[in-house]
1. Looking only at the range 223-233, filter to residues that are aliphatic (A, V, I, L, M) and surrounded by 19 or more Cβ atoms within 10 Å (Cβ to Cβ); which one of those is farthest from G125 (Cα to Cα)?
2. Among the candidates A179, A164, A175, which residue alone is in the same structural domain as K237 (by TED's automatic domain parsing), under 21 Å from A121 (Cα atoms), in contact (Cβ under 8 Å) with a residue 12 or more places away in the chain and surrounded by fewer than 24 Cβ atoms within 10 Å (Cβ to Cβ)?
3. Being touching a residue at least 24 places away in the same chain (Cβ under 8 Å), within 21 Å of V181 (Cα to Cα) and under 17 Å from the mean Cα position of the chain (by Cα): is that true of A257 here?
4. Collect the residues in the range 92-111 that are more than 20 Å from G126 (Cβ to Cβ) and assigned to a strand (DSSP E or B), keeping them in residue-number order.
5. Are any residues in the range 272-297 in contact with a Phe, Trp or Tyr (Cβ under 9 Å, 6 or more places away or on another chain), over 15 Å from S65 (Cβ atoms) and assigned to a loop (DSSP other than H, G, I, E, B), and if so, which ones?
6. Restricting attention to the range 260-303, which residues are buried (at least 18 other Cβ atoms within 10 Å of the Cβ), more than 21 Å from D24 (Cβ to Cβ) and of a type in the set (K, R)?
7. Being in a strand (DSSP E or B) and surrounded by fewer than 24 Cβ atoms within 10 Å (Cβ to Cβ) is the filter here; which residues of the range 118-158 pass it?
8. What are the residues in the range 188-222 that are loosely packed, with under 15 Cβ neighbours inside 10 Å and either under 23 Å from V161 (Cβ atoms) or in contact (Cβ under 8 Å) with a residue 60 or more places away in the chain (or both), if any?
Amino acid sequence: MNSPDGTMRAMRASSSDPASLSLDEVPIPDPGPGEVLVRVAATAVTAQELTWPEEWPVIPCHDLSGVVAGSGPGGTGLPDGTEVFGLVGFDRPGAAAQYVTVPAADLAAKPAGVDHVAAAAIPLGGLTAWQALRDHADLQPGQHVLVHGGAGGVGAYAVQVAVALGARVTATALARDAAYVADLGAHQVIDYKGRFEDEVRDVDVVVDPVGGDTMARSWPVLRTGGILVAIADEVPKDQGGRDDVRSVYFIVEPSGAQLGELAKLVDDGKLRAAVSATFGLAELREAFTAQQHRSHPGKIVVTVA
């Protein structure tokens, strides 16, 4: 193993309140077999992530872009100095730190055409969109996709991935974000405060990162044989009273191979990162506050010096 020794700076939360975040000195972690140590360049904040942990303290933030700084026993095929990005598993310490350990299989080479700030905004939302559309919906060219929250952390990537895969995309969004979502490639953008169910029909795939009433109103727009892919809420057994459609609820999983596919889309100009603001590591409390009150589409990215 070749990795730095000593301590590092990390932001740790002792409760679900962002005010509990503190900048601490902690040991640099040692990568295990199949893992690499990554020197973090940037990470990103996810809504409600401080409500997930069951034990404290925790290092939050699971999006990652950085540089390989060491490997665990046996090697990983990722040489020191390789620029990578990835999603740190939710059961692991996060990337709001100078270093983080990650299974090499969960990482991919950072897209060459973007910097670490942009790359750190992609993994969680991009992988969720990819898995929703490819793994669960088996999206085919020419199909019609309805993406709810088209300017959101998942929706912005779902719009772009669906278009890149050859689909026709309708999206819901705030009226102020309509031009942004259309620029991502959506063929039609509907004000989410209105009745989207009156404006769209014969949908092959609904991507629902919203849940609740939005899900309940989505069942009628599906064509027979269509699928609703739920991300926010589990699907009710009655599927809105329809037995001629399919549904699935899933939680995103890390995947270096899929990140490689997303990186190709980035470098081909078919996928762009959504960044609304950046903060420094010591400003993580402010970053969480900004995420809760953001007025522009995109992820809140945290740079790590």
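1. Looking at the filtered set, the residue picked out is I227.
2. Unique residue meeting the criteria: A164.
3. Answer is no for this residue.
4. If the condition is that a residue be more than 20 Å from G126 (Cβ to Cβ) and assigned to a strand (DSSP E or B), then A97, Y99, T101 are the ones that fit.
5. Correct list: H296, P297.
6. Listed by number, the residues that qualify are R272, K299.
7. Hit for the range 118-158 is H144, nothing else.
8. Residues satisfying the conditions are E199, R201, D202.
The values are calculated or read from the model by the stated rules, or taken from the named source; none is laboratory data. Predicted model, so just to flag it, every value in this text is computed and none were measured. Cβ sites come from the backbone with ideal geometry, for glycine too, and all protein chains shown count toward neighbours.
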